[in-house]
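**Q** First the structure, which I've put down as structure tokens, then a few questions once you've had a look.
The values are calculated or read from the model by the stated rules, or taken from the named source; none is laboratory data. Because the structure is a prediction, the values reported are computed rather than measured. Virtual Cβ from ideal backbone geometry, glycine too; neighbours counted across all protein chains shown. For the accessible areas, the whole protein counts, side chains as well, though only heavy atoms, and no ligand, DNA or RNA atoms are used. Shrake-Rupley method; radii C 1.70, N 1.55, O 1.52, S 1.80 Å.
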Amino acid sequence: MKHLEEETLSSKQVFKGRFLKVEQDEVRAPDGKIYHREYITHPGAAMMIPILPNGNLIMIHQYRHAVKRVMLEFPAGKRDGGEDSLLTAKRELLEETGYSAKEWKFLTPIHPVIGYSDEQIDLYLAKDLSKTEQQLDHGEFLEVVEIAPQELMSLVQQGKVTDVKTQIGAFWLDKILRGEWN
């Protein structure tokens, strides 16, 4: 696949925010021509699929300004300072939901928006949950909800859950619950 790769000739940062950066690269494409590519760099994230002993899921409702909607999502959060993604998952589950998990299983990494970002989200299954106390970040507002897996799948099929990380998590969960994936 080397014949499809582009050679980066130069790179410059065109924007630096609190945790996102926009880079602009000048590249030589396989056709030999020079092009500019813009993309967002992201520190990475972890998402959890928390399963209660009764089989229901812990999820959150959170307003997402970019789409101007309250979204139903699995809890997730960005990595801080290059921390291990499992540590991120454990920290974010506690912060956002007030739950901790004794059993963790790594499922897969995903790259949700490869056309314009290098973001990688590591997906985890979190089981054997125990309730503690929510520890939201300053300026973070969300509602914790319990939902049955079949209800989540129905909402995905109806187009009511459009967050890609949550959809992917729902499809993984469906395969796991059907015994089609370990």
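**Q** Applying the selection to segment 96-117, what residues are surrounded by fewer than 15 Cβ atoms within 10 Å (Cβ to Cβ) and either within 18 Å of the chain's Cα centre (by Cα) or under 19 Å from Thr166 (Cα atoms) (or both)?
**A** Lys105, Phe106, Thr108, Pro109, His111, Val113, Ile114, Gly115, Tyr116
**Q** Something else: Suppose we filter segment 95-134 for residues that are on the phi > 0 side of the Ramachandran plot and hydrophobic (A, V, I, L, M, F, W, C); how many remain?
**A** 0
**Q** Would a scan of segment 32-55 turn up a residue that is at pLDDT 95 or above, charged (D, E, K, R) and over 25 Å from the mean Cα position of the chain (by Cα)?
**A** Yes.
**Q** Being of a type in the set (Ser, Thr, Tyr) and under 27 Å from Lys16 (Cβ atoms) is the filter here; which residues of segment 43-99 pass it?
**A** Scanning segment 43-99 gives Tyr63, Ser85, Thr88.
**Q** For segment 1-82, which fully contained strands (runs of 3 or more DSSP E) count at least 3 residues that are at positive phi and open to solvent by less than 50 Å² (accessible area, probe 1.4 Å)?
**A** none
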